[in-house]
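I have placed the structure first, in the form of structure tokens, so that the comments after it can refer back to it.
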Amino acid sequence: MNWTVRRASLPGGLPDEALLAAMAHGDADAGAAFVRRYAARVYGLALKVVGDPGLAEDVSQETFVRCWRHAAVYDPRRGPATTWVLTIARNLAIDTLRLQRPIPFDPALLVELWAPAAGPAPEDEAVGRDALAEVRVALGSLSPAQRRALLRATFGGQSAAEIAEAEAIPVGTAKTRIRAGLLKVRAALAERERP
Amino acid sequence: MTRALPNDAGHEAASEELAELALGVLAGERRTELLQHCEQCVACRRELAELAQGLDALLCVAPAVEPPAGFEARVLAAIAPRRRRRPRLTARARRVLVAAALVLGAGLTGAGLTRALAPPAAARTAALVVHGHGRGEVVVTGERSPLLVVRLQGGNWPAWVSCELVTAAGQRIALGPYAVGPRGGIWSARLAVPATTLDSVRLISADGSVLAWAPLRA
């Protein structure tokens, strides 16, 4: 293994954990490399949630400011950086969406997330390319009602009570749909990981 | 006032809402109750972890979209006031950090660790002498304001570990405490004393006992 020096020669080639460790020490080059690496992923996710390019850009910018500010508390043992940064982006986007309501969240606009014709999945250390395809298949295999509930909760930040109201269903049914949908996605991943 | 759900009676009710907890759409008192329940209930804790993994996977399916032109510059301008307060890392320090991070990412195993942690020329590395189980290494790079990287692996480390540097003149410098899991951990700190003045480093538990030490003399 002789990658250490070669990969370290350019900040852009550093692994996420090293970029974040360097960011925690105020390394601006590492910060720029981190932004460059995740800008499209973060912006894409924010756009899916808030549905407005200007708001999505605001959310994305604030996501990276928070990553910079909190880089020191990132713990790689708790999960990959991809998950960390996308979770920050999602939470900020949902907070923004809540402030913008009553703009309705339309899960039908998220059809590309599970449609087989969706664009190539990005290379990802949290969930590999093949696993992402499995997740899309699992999402596509849910009943339309179950999928709507899961997407409303995941990308719209809606609670079971809000979903129940929007879909005119009992709250208990909304809870069941969210939970079953999320567990089915997780099961698809677990099935792949099984030797 | 919140109360923990009883482990048996509350289990079924809790499990119905774990997905909302994982998704972060449950607020207020109920969220607190469920978190308290999960602390006691292994089954719910396990399911919560699985649901969170499902959420992580879902977030990754959102397609990447290039942001508008100038986005990166605007982000960097937004963090500029903060980054000016801190010194930049040298290329050497970056090399140490990448080595340490890659080691952690590689799963902290075997001889590959030693190779991966191989520091650049002017850095010094020392194996920790551990009083008990576990292993670890210390890397110091830079001279005037050196960067200290400590990596612990395996063994039976406590949740928190403090670090004490001893200089050749007998001065003691306290760092931390740092969070360490039972499988180990990694942290780094910028030092305010020259590397040439360092004599040794000690790792100390919350009760004051010395867990490990390493010589740092040049």
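Derivation of every value follows stated rules applied to the coordinates shown; laboratory data play no part. Here the structure is a predicted model, which means the values were calculated and not measured. No Cβ is skipped: glycine too gets one built from the backbone with ideal geometry, and neighbour counts run over all protein chains shown.
For the reader, a short list of remarks on this structure follows.
- Residue by residue along B:44-56, Cβ atoms of other protein chains within 10 Å of the local Cβ number 5 on average.
- Distant-in-sequence amide contacts of A:Q158, defined by a placed amide H-H separation under 5 Å and a gap of 5 or more residues or a different chain, comprise A:A153.
- Sites B:A179 and B:A27, calculated FRET efficiency, Cβ-Cβ separation with R0 25 Å, nearest 0.05: 0.35
- Likely footprinting exposure, A:R177, A:R78, fewest C-beta neighbours within 10 Å first: A:R78, A:R177
- For the listed peptides B:16-24, B:128-136, a ranking on the average number of other beta carbons within 10 Å per residue, highest first, reads B:16-24, B:128-136.
- Given +1 at the Cβ of Lys and Arg, -1 at the Cβ of Asp and Glu and no other charges, the dipole of the range A:11-103 around its Cα centre is 320 debye to the nearest 20.
- Average other protein chain Cβ within 10 Å of Cβ, residues B:12-20: 5
- With 0.36 nm allotted per residue and the present C-alpha distance subtracted, the B:D199-B:W160 stretch has 11.7 nm of extension available.
- When the square roots of the Cα gyration tensor eigenvalues are ordered a ≥ b ≥ c, the ratio a/c for the range B:9-60 is 1.5 or more and a/b does not exceed b/c, which makes its shape oblate.
- Ranked list, fewest to most other Cβ atoms within 10 Å of each Cβ, for B:V193, B:V150: B:V193, B:V150
- FRET efficiency estimate (nearest 0.05) - Cβ-Cβ, A:D58 to A:A187, R0 35 angstrom: 0.45
- Here the 3J(HN,Hα) profile of the range A:149-164, calculated from phi with Karplus coefficients 6.51, -1.76 and 1.60 at θ = phi - 60°, is 5, 5, 5, 4, 6, 6, 9, x, x, 8, 7, 4, 5, 5, 5, 4 Hz, Gly and Pro shown as x.
- Efficiency of FRET from Cβ geometry, B:L35 and A:E165, R₀ 25 Å, rounded to 0.05: 0.45
- Gain upon complete extension [B:L76, B:A168; 0.36 nm per residue less C-alpha separation]: 29.0 nm
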